[in-house]
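Beneath this line is the structure, given in structure tokens, with notes to follow.
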Amino acid sequence: MSIDGKTELYGIIGNPVRHSMSPAMHNAAFADLGMNRVYVPIEVCDVEQGITGLRALGFRGISVTVPHKEAVIPFLDEIDPVAKKIGAVNTLDFRKHENGQIIVRGFNTDWVGANTALAEKVNLQKSRVLVIGAGGSAKAVGFGLIEAGAEVIIANRTVETGKALADLLGCAFVPLEEVTSVSADVLINTTSVGMEPDYEGIVVPPSLLSGFSVVMDIVYAPLETRLLREAKAVGCQTIDGLAMLLYQGIAQFELWTKEKAPQDVMRLALEEELRSRAVV
């Protein structure tokens, strides 16, 4: 990769953000298509100051990760109607108008990533899906599922937060401790349970997993979480966090560049990055 005065700047903001694998994925795509662009991780504590700084430095595109997916919204100039409906943003697009003003617009590609990954295993229109969690990722996943015609049930440890999300989406809610009463085709973990270094964390008792046909975990470090390992052991089809990461990244890349993303190159870059971290 050659960086010079004409290199366009992209990146990811979050706190923490050093663990992100998005730089490996996007930089591989830029290099494959011969684009003079670079994508870097940026740890941001103050979102308002962060957006001001990114504008001033001339960034063209930004990925947004926890804990800023909702907090960033008040500091945007425009928000895509879908992202507004979800109430969470994971993608920023910076564009200079003719008057020189930098306009920052927010989008959400998380739901696209989740739906694309799930559609490889299940017909969403006919599925009943239990979503564990009530944060920004759960909002996006739940929205995408409902848009695809699935029946969604939200389960969350904090009842107030879970009910609020269920009301927003217009779906059912159960407290996490009562998931034994839920019958569904698909289970999706949208929380950080099972993420390194808590490799043995699991969001529901393993004894429940045999009741699901498909189990998906958005955690990708480790790639096979305990949830997925236990689900596979009882015969479930499983979807790891790499799939959602890849597909939401493809949507980001194509939004920023208006070019078709090199999907195989991006997937390989993610797999190689995981191997280099010895968490596969």
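The values are calculated or read from the model by the stated rules, or taken from the named source; none is laboratory data. Bear in mind the structure is a predicted one, so any value in this text is a computation, not a measurement. Quick reminder, even Gly has a Cβ in these numbers, built from the backbone with ideal geometry, and neighbours come from all protein chains shown. Side chains are part of the model used for accessible areas, which takes the heavy atoms of the whole protein and leaves out ligands, DNA and RNA. Shrake-Rupley method; radii C 1.70, N 1.55, O 1.52, S 1.80 Å.
Over all pairs of different C-alpha atoms, the stretch 102-213 has a mean inverse distance whose reciprocal, the Kirkwood radius, equals 14.5 Å.
Got a number for carbon plus sulfur as a percent of the stretch 1-77's accessible area, 1.4 Å probe? Spell out each step's value before the answer.
Working: 2010 of 3740 Å².
Carbon-and-sulfur percentage of accessible area, whole number: 54.
Beta-bridge orientation, the stretch 95-193: approximately 15 percent antiparallel, per DSSP, counting only bridges with both partners inside. In the chain, inverting the average of 1/r over every pair of distinct C-alpha atoms gives 19.3 Å as the Kirkwood radius. With a cut-off of 14 Å between beta carbons, the residues surrounding Thr7 carry a summed charge of +1, where Lys and Arg count +1 and Asp and Glu -1. When the Gaussian network model of the chain links Cα atoms closer than 10 Å, the mean-square fluctuations of Gly34, Gly211, Gly87 top out at Gly34. DSSP assigns beta bridges within the chain; of those with both partners inside it, close to 20 percent run antiparallel. Sorting the Cα pairs of the stretch 1-153 by distance into bins of 5 Å, from 0 upward, gives 2, 9, 17, 19, 18, 15, 11, 6, 3, 1, 0 percent per bin. Hydropathy at least -0.5 by Kyte-Doolittle, axial extent at least 20 angstrom from the Cα trace: which helices of the chain, defined as entire DSSP H runs, fit? Helices meeting the criterion: 241-257.
Within the stretch 1-107, antiparallel bridges make up roughly 40 percent of the DSSP beta bridges whose residues both belong there. With a cut-off of 13 Å between beta carbons, the residues surrounding Gly87 carry a summed charge of 0, where Lys and Arg count +1 and Asp and Glu -1.
With a 1.4 Å probe rolled over the protein heavy atoms of all chains, the accessible area of Trp256, Trp111 falls in the order Trp111, Trp256, largest first.
Measure off, as a whole percent, the carbon and sulfur share of the 1.4 Å-probe accessible area of the stretch 98-189, all protein chains present. The C+S portion of the solvent-accessible surface of the stretch 98-189 is 45 percent.
Which net charge results when you count Lys and Arg as +1 and Asp and Glu as -1 among the other residues whose beta-carbon is under 11 Å from that of Glu224? Could you put the intermediate results ahead of the total?
Working: positive: Arg226, Arg229, Lys232; negative: Asp217, Glu230, Asp240.
Charge balance near Glu224 sits at 0.
Take the chain with all the other protein chains still there, run a 1.4 Å probe, and you get 45 Å² of accessible area per residue.
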